[in-house]
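Peer 1: After the structure tokens below, expect a handful of questions from me.
The values are calculated or read from the model by the stated rules, or taken from the named source; none is laboratory data. Note that the structure is a prediction, hence the values are computed from the model and not measured. Here Cβ is always computed from backbone atoms with ideal geometry, including for glycine, and neighbour counts include all displayed protein chains. Remember, those area values only see protein heavy atoms, side chains included, never the ligands or the DNA or RNA. Shrake-Rupley method; radii C 1.70, N 1.55, O 1.52, S 1.80 Å.
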Amino acid sequence: MSPVCQYATFRVGGHCLAIPVLDVQEVLRGQRLTPVPLAPHAVTGLINLRGQIVPALEMRRLLDLPPRDGELDPLSVVVRTEHGAVSLQVDEIGDVLELDGSTFELPPQNVDPHLRSRLVGVHKLKGRLLLVLDIRRTVDLNA
Amino acid sequence: MMEDQEFVQEFLIESNENLTRLDGEMVELERRPDDHELLASVFRTVHTIKGTCGFLGFSRLEALAHVTEDILSDLRNGRRQLDTPLTSLILESVDAIKRILRSIETASTEGEPFESELIPRLQQARDGATAAPPAAAPGTAVAEPPAAAEPASSAKGAVADSNLRVDVGLLDRLMNLVGELVLTRNQLVQYNAARDDSSLNAISQRLNLITTELQEGVMKTRMQPIGLVWNKLPRVVRDLSTALGKEIALEMDGSDTELDRTILEAIKDPLTHIVRNSCDHGIETPAGRLARGKPVKGRLALSAFHKGGHVNIEIGDDGGGIDPARVKAKAVERNLVSAGQAERLSDAEAVNLVFLPGFSTAPMVTNISGRGVGMDVVKTHIERIGGTVVLSSQTGRGTVVSVKIPLTLAIIPGLVVSAGGERFVIPQMNLHELIRVEGENIQSRIEYIHSTPVFRRRETLLPLTDLSRILGLAPDRRPDEISIVVLQVDQHRFGLIVDSISDSQEIVVKPLALQFKGLNGYAGATIMGDGRIALILDVPGIGQMSGMLAGAGQQTPAAAVASHGGQSGDRRRSLLLFRAGSFGRLAMPLSQVARLEKIAASSVERAAGRPVVQYRGRILPLLSVAEFLGSAGAAEEDLLHVIIYRNGASELGLVVDEIIDAVEEAVTNRHGCGSSGLLASAVVAGKITDFLDLNAVASRACSTDPESLHRLEAALAGSRTLAEEVPA
């Protein structure tokens, strides 16, 4: 039985995703993006986070999902990584959940490899599945 | 002499600090005589002073410290116990040391001897080991007054008081904060410019001034003389020359040139490596030197100087130089370049092959250099801090490695431009010139060779590239105006078309995140006055992306060769076509052409028997290409067509009969060329064209040229190349 972990959850294109709450630095809305021409597809630009320059990654592009509706303003989940802060653009923010290992399972083999490589595992919740992201691999575009 | 004084300064600062602590420690030790750590610390302090002053030649100080150390040593070994009279005696000795130090500080000498009475007492105390030394009567042992009293008042503002040791981490944090302050200042200045508020204006101006001064001040605290790195080189050279059985004289010029400490740290290893290389591969053995008619003792000259916001470091030796043919052979053997590529490289390009990863010229791997970490590491390290390194060599005469590095990394001046609705910053370092073309028919000012745009800039063709196009952005510019930023990378110049040019400002460089690792075009990002982010362009990268500088950095070996060589065979190259004597169609790379001029034949004068003209305030040597190629020149004309050929820092005027055209062509059907002075023949624009061997031209210009002209030219230009100082 693994110890209890608190997860910050968010929605991206119908998926319910989670990351350990301690990895989240802050959540922002309406950030001005500076595009970086020729940057990898998943990068939407740079954000000025109080003097710190932070790359913004579009989760929909990272997970090969269709683009977001024009009206929907993305939210920025700023996560801490070993190489500095990175902003993940998501659709919607959910609750913070406290979960233990009893509902946890490794990602099934037949999940799209693009998604699977970025997952730690899945929590089977009532009525939905919560996908736990591997932060390090999520922000590593060369992985 | 200067260095000695610096040593003495450092010695004084350190000793004074330690001695101040020593007072307290001795007192503490008297209370706790069994505290070994304390005793060890006291011993160390005195020991250090003894060692250093012996080295600096302060013999009295050394004698004093020596006896004291002996006593402390006995205490440490437990051969005797510390008692009050002994403590007093040691303290008395410490005071005497302090007094001599003060004298050194104020008068640079040890001053009048006063310790003639103290030393015997100390010796007695030492030799009298177990016996309590009655001679050191308690009365005289309290020795404070005579030593400390008089000089103390006069020595106000002494080094010891005016210097402070500061944690480097704190300085780094300060520098970061200053960076943030500069950004905030820029924001306020911009905010202020948008409104009409005189009191805000005053505050903003004041803040502006203070920030600039603070920035300079903090920057200065981080500056250290390059001598700190050079100091260890005499030893390196001495050890190496002993090990190699060579004689090498090391000369250092400009060791007080200051650089930011992060940069100093970064160049330490590359510099040492270059010096090692020069000793090992550059300078020949005494026998070899004698055979070549050189003085037995080799010269290794280091010089550092500030120029144009950069620090230039040159490491020159008068050794055997680098044999381009051997370098080429080696590079081919190691599969770093193809035989064909190697053949096409000029000598100057060839010697720079040593910067390729995996290259090592030493026929035998010695334990000194050639251990796999070669010049490529040197180049990578220097480029990582935004510097450049170029090697120039004359076979048999020596090699000069020129390193150019920025003063600081954190805050750099940059030019703000825009393209495709976005702002970009171009580091001032790469900036050469700004051109704005206005008017009705501007499109005709941009001409095309094939599909490549060029611009006639003072009779020279400047190849152009469009920033918006490179970055895949839609240009957003006025139809009646073209802005061109002329950029320079190494020897190459090219024009970058941008939508508009704003202003230049100090920017704080912030590195880009890992996600952008694969992008060559950016050197980082910065936050502008309005709080928005702008990307900083990496000019060599941009040049490479546009094909202007074919390849660079650590890509494929072929691309790397191209970056050193300027052109790779498969790419299109810009060529200047001209006619001279019986050679109806000659070519040279346009990148080697500084300018095209027409010079009146009557203005040609002679210097040291060779034709020269006065050109832009200096003397330009002339060389007739027809004569050089052994052909009869055309009939004398009133107006000479001169191609100003730039070779490194020096320029040479090539006199030709006619300039035919400038073309950009993929050069095909090359074949080697037997005749001297020509590199090869090839089909250019459908016609057979001979390629002029510019290196042969340059070396002819030098070899027939007495040293005097060169020196004169150098003196006139105020230039300083080590090669010119190498004794013939």
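Peer 1: Leaving ligands, DNA and RNA out of it, work out the accessible area of B:SER444 with a 1.4 Å probe and give it in Å² to the nearest 10.
Peer 2: The value for B:SER444 is about 70 Å².
Peer 1: A further question on this structure: Normalised by the empirical 2.2 N^0.38 Å for globular proteins, what value does the Cα Rg of the range B:168-224 take?
Peer 2: Scaled against compact globular proteins, the figure is 1.30.
Peer 1: Determine how large the accessible area of B:ASP253 is when every protein chain is in place; take a 1.4 Å probe and give Å² rounded to the nearest 10.
Peer 2: Ignoring ligands and nucleic acids, B:ASP253 comes out at about 80 Å².
Peer 1: Which whole-Hz couplings ³J(HN,Hα) result when phi for each residue of the range B:606-616 is put into the Karplus expression 6.51 cos²θ - 1.76 cosθ + 1.60, θ = phi - 60°, listed in order with x for Gly and Pro?
Peer 2: My calculation for the range B:606-616 gives 10, 10, 6, x, 10, x, 9, 10, 7, 9, 6 Hz in order.
Peer 1: With a 1.4 Å probe and all protein chains kept in place, how do B:GLU664, B:GLU333, B:GLU180 rank by accessible area, largest first?
Peer 2: In descending accessible area the options line up as B:GLU333, B:GLU180, B:GLU664.
Peer 1: Given the protein chains as shown and a 1.4 Å probe, how many square angstrom of A:HIS41 are accessible, to the nearest 10?
Peer 2: Number for this one is 130 Å².
Peer 1: Just counting partner chain Cβ atoms within 10 Å, what average do the residues of peptide A:42-53 show around their Cβ?
Peer 2: The shielding value for this peptide is 4.
Peer 1: Averaged over A:29-39, how many beta carbons belonging to a partner chain fall within 10 Å of each residue's beta carbon?
Peer 2: 6
Peer 1: Can you give the FRET efficiency to the nearest 0.05 for A:ARG11 and B:ARG445, using r as the Cβ-Cβ distance and R₀ = 56 Å?
Peer 2: 0.50
Peer 1: What is the sum of charges around B:ARG646, taking Lys and Arg as +1, Asp and Glu as -1, for the other residues whose C-beta is under 11 Å from the C-beta of B:ARG646?
Peer 2: Summing Lys/Arg as +1 and Asp/Glu as -1 gives +1.
Peer 1: For A:LEU106 and B:ASN77, what does the FRET efficiency come to when R0 = 45 Å and r is the distance between their Cβ atoms, rounded to the nearest 0.05?
Peer 2: FRET efficiency, A:LEU106 to B:ASN77: 0.10.
Peer 1: For the range B:581-663, which chymotrypsin sites (Phe, Trp or Tyr not before Pro) are in a loop by DSSP, counting at most 12 other Cβ atoms within 10 Å?
Peer 2: Here no loop site has a sparse enough neighbourhood.
Peer 1: May I ask you to compute the full-extension gain from B:SER676 to B:ARG235, defined as 0.36 nm times their residue separation minus their alpha-carbon distance, rounded to one decimal in nm?
Peer 2: Answer, rounded to one decimal: 154.2 nm.
Peer 1: Still on this structure, please answer the following. Probe radius 1.4 Å, ligands and nucleic acids left out: which of B:SER278, B:SER699 has the largest accessible area, and how do the rest follow?
Peer 2: Details: B:SER278 10, B:SER699 65 Å².
Reading off the accessible areas and sorting them downward yields B:SER699, B:SER278.
Peer 1: Same structure again: Tell me, what ³J(HN,Hα) does each residue in the range B:420-428 have, in order and in whole Hz, if you take phi through Karplus 6.51 cos²θ - 1.76 cosθ + 1.60 with θ = phi - 60° and put x for Gly and Pro?
Peer 2: Those phi angles translate into x, x, 10, 9, 9, 10, 10, x, 4 Hz.
Peer 1: Of B:LYS232/B:LYS297; B:LYS50/B:LYS98; B:LYS268/B:LYS307; B:LYS297/B:LYS328; B:LYS268/B:LYS404; B:LYS379/B:LYS404, which pairs sit farther than 22 Å apart, going by alpha carbon to alpha carbon?
Peer 2: B:LYS297/B:LYS328
Peer 1: Indicate the gyration tensor shape class of the range B:413-561 (rounded, prolate or oblate), computed on the Cα atoms with a ≥ b ≥ c the square roots of the eigenvalues: a/c under 1.5 is rounded; otherwise a/b larger than b/c is prolate and the rest oblate. Each step should come with its number before you reach the end.
Peer 2: Working: a/c = 1.81, a/b = 1.17, b/c = 1.55.
Oblate.
Peer 1: Is the shape of the range B:226-406 rounded, prolate or oblate, going by the alpha carbon gyration tensor and its root eigenvalues a ≥ b ≥ c, with a/c under 1.5 for rounded and a/b larger than b/c for prolate?
Peer 2: It comes out oblate by the Cα gyration axes.
Peer 1: Could you order the peptides B:202-212, B:59-69, A:43-53 from most to least packed, using the average number of other C-beta atoms within 10 Å per residue?
Peer 2: Working: B:202-212: 13.7, B:59-69: 21.7, A:43-53: 18.6.
The packing order, highest mean first, is B:59-69, A:43-53, B:202-212.
Peer 1: Evaluate peptide A:73-85: per residue, the Cβ atoms of other protein chains within 10 Å of its Cβ; return the mean as an integer. Provide the component values of the computation, followed by the final result.
Peer 2: Details: counts 0, 0, 0, 0, 0, 0, 0, 0, 2, 1, 3, 3, 1.
Whole-number average of other-chain Cβ neighbours for A:73-85 is 1.
Peer 1: Let me check something: with ligands and nucleic acids excluded, how do B:GLU247, B:GLU105 order by accessible area (1.4 Å probe), largest to smallest?
Peer 2: Details: B:GLU247 85, B:GLU105 45 Å².
Result, largest first: B:GLU247, B:GLU105.
Peer 1: Please give the net charge around A:GLY127, taking every other residue with its beta carbon less than 15 angstrom from that of A:GLY127, where Lys and Arg add +1 and Asp and Glu add -1. Can you show the working numbers first?
Peer 2: Working: positive: A:ARG11, A:LYS124, A:LYS126, A:ARG128; negative: A:ASP95.
Here the charged neighbours net out to +3.
Peer 1: What does the charge count around B:ARG478 come to, taking other residues whose C-beta lies under 10 Å from its C-beta (Lys +1, Arg +1, Asp -1, Glu -1)?
Peer 2: Its environment carries a net charge of -4.
Peer 1: Measuring from a point 7 Å past the Cα of B:GLU30 along Cα-to-C-beta, which residues in the range B:60-89 have an amide N at less than 13 Å?
Peer 2: Only B:82-89 fall inside the zone, counting backbone N under 13 Å.
Peer 1: Could you list which residues have their amide H under 5 Å from that of B:ASP466, counting only those 5 or more apart in sequence or on another chain, with H placed in the peptide plane?
Peer 2: Those qualifying (amide H under 5 Å, at least 5 residues apart or on another chain) are B:ILE497.
Peer 1: Give or take rounding to whole Å, what are the principal axis extents of the alpha carbon atoms in the range B:480-522, in descending order?
Peer 2: Result for the range B:480-522: principal-axis Cα extents of 39, 25, 20 Å.
Peer 1: Can I ask one more? Quick check on the range A:15-84: take the gyration tensor over C-alpha atoms, sort the square-rooted eigenvalues as a ≥ b ≥ c, and tell me if it's rounded (a/c under 1.5), prolate or oblate. Working shown, then result.
Peer 2: Details: a/c = 1.42, a/b = 1.09, b/c = 1.30.
The shape class here is rounded.
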